[in-house]
Structure formats: structure tokens, C-alpha cells
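Bear in mind these aren't lab numbers, they're just calculated from the coordinates by the rules spelled out. Computed from a prediction, not measured in an experiment: that's the story for all the values here. With ideal geometry, Cβ positions are generated from the backbone for all residues, glycine too; neighbour counts draw on all protein chains shown.
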Amino acid sequence: MPFFGLILGTISGLGKLSRKKIFRYPCIVYIDFIRGTPLLVQILLFYYGISGLYSNATGNSLQIDPILAGIIVCSINSGAYIAEIVRGGIQSIDKGQMEAARSLGMNERLAMREIILPQAFRRIIPPLGNEFIALLKDSSLLAVIGVHELLKSGQLYISRTFAAFPVYIAVALMYLLMTIVISRIVAYSERRLGVSDRN
Amino acid sequence: MIEIRDLYKRFGELEVLKGISVDIKENEVVCVIGPSGSGKSTFLRCINLLEKPSSGEIIIDGEKITDKKININKIREEAGMVFQHFNLFPHKTTLQNVSMAPIKVRKLSKEEAEKRAHNLLTKVGLEDKANVYPSALSGGQKQRVAIARALAMHPKVMLFDEPTSALDPEMVGEVLAVMKDLAQAGMTMVVVTHEMGFAKEVGDRVLFMDDGVIVEQGTPEDIFSNARHERTKLFLSKIL
């Protein structure tokens, strides 16, 4: 999910900065729609909405794998947030970098790939880490479409044992453990990549 | 070698260049002086199309670069640019800064490009800094790397945009020394500068710009000792 989100986010972040309207407008619509609606609604819309449309249109029922649906929706969702992070990162790079690259005969694409994006990515590691943590926690919403993620598994366990408090505490701690791991990874990569970039 | 005819540049309502015409010969060192806001930098940036001229034409080596059909990237390969704020790539080592464009744009092999980069770094006195990142260099060293980086593309002309203005005073000398070597080696150079000493010593010709036009031009002697225009005299009296 973070991987697809990052790819989607980079593409639409670049798209939003494009001078060409055919690239820019679809990206703006995508970003605004996703950021302007709750993830829970997006999950339900995608999972039940699409299969409903399909059965209305064809008369057959469509069974989408909830895990696949969950991965798709969460990737699309975090892609929109990452797009704005990427855009901010690119715009934070000094204009002189692009000018220097262009003055050496690099075309815009090459300059973006070799000069601007590598620097922008270093700079956006902290907000990206935030986004990945949010994504991990938001995955608990997938319980509503029956994905057996952490929260759902906990609830199933409670329904058998009626031990609500200890199980929810355990669920919370497991989320905490995972987010701590993510933030450590983020801090580590920040340190490693930041070495060359201290000016 | 470079012919500039009736060059105009507007930024919205603001007219920055109001009809510049000048020829620059091969091997010539032209220094452009003038008060800030006079359009010196814009003029320089037009020569490699970092700014797009509003009207007029620029011809480099017989090629009309203001033509719409021209490949801008090809032009920029031929005109090296050195910036006031160096604009080195902070995520690349000194050697990579210098060798990168030859590899990616000129399609040189890595070995060949790095060999040349080492030679250029030696030329600017920084061969021992090949593997450090720009953040570990002083301002003067950064600017020398930036000069090497531009030279690595074998440009026909070098454009300098106030190359020493962002430097501490004690570092100005080392950068000017590199530029002087370059001039003596026969490089065609256009230098926007506030270093009147450099203009006097190294410049073949000095252009004085004010308010978007070339007010006066001539040999350094003409300009610094026998300026004819009041505006030139006023400017020189303030800075000398």
C-alpha cells in the first residue's frame, strides 16, 4: 500500500505541477475528491458501490476480494495525500537547481529525475513517515468490509471470549508497535540520506 | 560570434531590456557593469535562454537561437553558466557535479567523463575535493567547482552572473584567478560583475548598462577613465 501510494502520489504530484492542463486538471480533481471525502465512505463506495453497479448493469453479482479492494482504496487514498507532500517537496527546492541543470543542457525531464526529485524526496521523508503511519492506522477501517485486519481479528476474538478491554488494549499496543517500527525506519533513512545534504 | 539585435524583455508590465544590440567576438571578455535593476542579469540569462526574450534576435555562431524551432537544450550545452549562488547539486559529490552533464547529456562514458572532471578539478585547484559533497566546501571552492562543472560541457562561451557577489571578501581572489586563467586560455566570456578591478584587468570591453539599455561601451580604459555619459560617471563615482 505505501509503495503504490508513493508511486501514485509522485505521478499526480508531478501532474499537478505540470504546465499542461490535460495532466494538471485530472490530478487536481483526483486529489480534491479523495482529500475531501472520508476514507470510510470511499471504502464503502468502492466495495459495495462498484459491485452494486455491476449487478444492476449485468444482473450477475460481483464478488470483489475485500483484501484487494482494501489495498486499492487505501493506495488511492494515500496517493492523494502523498501527491501534495511530493508537490510541496518539489516546490521547496531552490529554483537555481533547475536553472543550473537546464543551463548544462539537461532537458526538463532529466533535470527533474536527476536533480530535483532526489533532493525533494530527502526533504519529504518526515511527512511521508506521517502519511505511512496514518495509512497503517486507517487500515483498521477496512474492518467494515470484512477484511480480517488487526481490529477485525480482535473483535472476532472478543465475540468469543467477551474480554473487550484486554483485547482492545492488545490491539492498540500492536498498532503502536507497528507505528514505532515505521517511525524508526523513517528516522533511520532520514539520517542516512541526509548525510550529503546539509546546507 | 554572438550577435544580439534589438533585444527586448518584458516581465508583464515591466520592461527590463529596452533594445539591446551588441556583438561579442570570439575570445573576447566582455564585462557588464551597472546599477542593480539595470537588466544586466536578465541580459545574460537571455543569452542561454533561461529568460525568453520578448522580441529581438540572438545569433550564436550563425545559429539564430531565438528561432522557435531551435532546440534550446543544444544551445545551453554551448553556453556555460556560472551563477551568483553557485547552484551546485547538493546530493552529488564534487566529481559527480562536474561529470554528470557530460555523461547524461553528451553521452560520454563514465570513465571518460570522470577523467575529464578530474582534469578540470585540478585546473581549478580542487582535485583533492573530488569526493566530498558541496556542503563541505567554502563559498570560493563551490564557485570554482561550478566553473569546472560548466567547463565540462566544453561550451563555446561562458556566462558569469555576478560570480563573486555571494562570496566572503577573502575568497573573491581565488575565483577571479580561475576566471583570469580561463580568459587567458582564450575563452569567450560575458561577465556581469561588480569587480571593477577584474573588469579593468581582464576585460577586453566593458558595457555599462542602466535602465535596460547599454548606455556606453568601450575598452576598460575608455569607461573607467574617460566615461562620456553622465550616468556612467555617476555610477563609477559611487563605486570606485
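Values as computed for the structure displayed
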{"item": "Test: residue in region B:104-115 that is acidic (Asp, Glu) and more than 24 Å from B:Val145 (Cβ to Cβ)", "result": "no"}
{"item": "Tally, over region B:181-203, of residues that are assigned to a helix (DSSP H, G or I) and not β-branched (Val, Ile, Thr)", "result": "10"}
{"item": "Test: residue in region A:123-135 that is within 14 Å of chain B (Cβ to nearest Cβ), assigned to a helix (DSSP H, G or I) and within 22 Å of B:His91 (Cα to Cα)", "result": "yes"}
{"item": "Region B:76-122: number of residues that are surrounded by fewer than 23 Cβ atoms within 10 Å (Cβ to Cβ) and hydroxyl-bearing (Ser, Thr, Tyr)", "result": "3"}
{"item": "Subset of region A:143-171 (residues that are under 19 Å from A:Tyr47 (Cβ atoms), not aliphatic (A, V, I, L, M) and not in a helix (DSSP H, G or I))", "result": "A:Gly146, A:His148, A:Glu149"}
{"item": "Boolean, B:Phe11 is of a type in the set (Phe, Trp, Tyr) and under 16 Å from the mean Cα position of the chain (by Cα)", "result": "no"}
{"item": "Qualifying residue in region B:46-57 (condition: acidic (Asp, Glu), under 19 Å from B:Lys156 (Cα atoms), crowded, with 19+ Cβ neighbours inside 10 Å and more than 9 Å from chain A (Cβ to nearest Cβ))", "result": "no"}
{"item": "Scan of region A:120-146 for residues that are small (Gly, Ala, Ser), within 17 Å of A:Thr179 (Cβ to Cβ) and crowded, with 17+ Cβ neighbours inside 10 Å, ordered by number", "result": "A:Gly129, A:Ser139"}
{"item": "Tally of residues being buried (at least 22 other Cβ atoms within 10 Å of the Cβ) and in a helix (DSSP H, G or I) across region B:142-175", "result": "11"}
{"item": "Residue among A:Ile90, A:Ile64 that alone is among the aliphatic types (A, V, I, L, M) and either in contact with a strand residue (DSSP E or B) (Cβ under 8 Å, 6 or more places away or on another chain) or in a helix (DSSP H, G or I) (or both)", "result": "A:Ile90"}
{"item": "When residues of region A:136-146 are limited to those that are closer than 14 Å to A:Met1 by Cβ and out of contact with any Leu (no Cβ under 9 Å at 6 or more places or on another chain), the one nearest to the other protein chains (Cβ to nearest Cβ)", "result": "A:Leu136"}
{"item": "Residue in region A:110-117 that is under 30 Å from B:Ala150 (Cα atoms), crowded, with 17+ Cβ neighbours inside 10 Å and in contact with a His (Cβ under 9 Å, 6 or more places away or on another chain) present", "result": "yes"}
{"item": "One residue from A:Ser61, A:Ser55, A:Ser103 being more than 25 Å from A:Ile180 (Cα to Cα), more than 10 Å from every other protein chain (Cβ to nearest Cβ), without any contact (Cβ under 8 Å) to a residue 12 or more places away in the chain and in contact with a helix residue (DSSP H, G or I) (Cβ under 6 Å, 6 or more places away or on another chain)", "result": "A:Ser61"}
{"item": "Single unsatisfied condition, A:Met174 versus (1) within 14 Å of chain B (Cβ to nearest Cβ); (2) at negative phi", "result": "(1)"}
{"item": "Candidate set from region B:80-136 (those that are among the hydrophobic types (A, V, I, L, M, F, W, C) and touching a strand residue (DSSP E or B) at 6+ places or on another chain (Cβ under 6 Å)); member that is nearest to the other protein chains (Cβ to nearest Cβ)", "result": "B:Met81"}
{"item": "Residue, nearest to the chain's Cα centre (by Cα), within region A:49-98, restricted to residues that are of a type in the set (Gly, Ala, Ser) and within 19 Å of A:Leu17 (Cα to Cα)", "result": "A:Ser78"}
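Residue-wise test of (1) on the phi < 0 side of the Ramachandran plot; (2) charged (D, E, K, R); (3) in contact with a helix residue (DSSP H, G or I) (Cβ under 8 Å, 6 or more places away or on another chain).
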position	(1), (2), (3)
B:Arg106	yes, yes, yes
B:Leu159	yes, no, yes
B:Asp168	yes, yes, yes
B:Ala177	yes, no, no
B:Val191	yes, no, yes
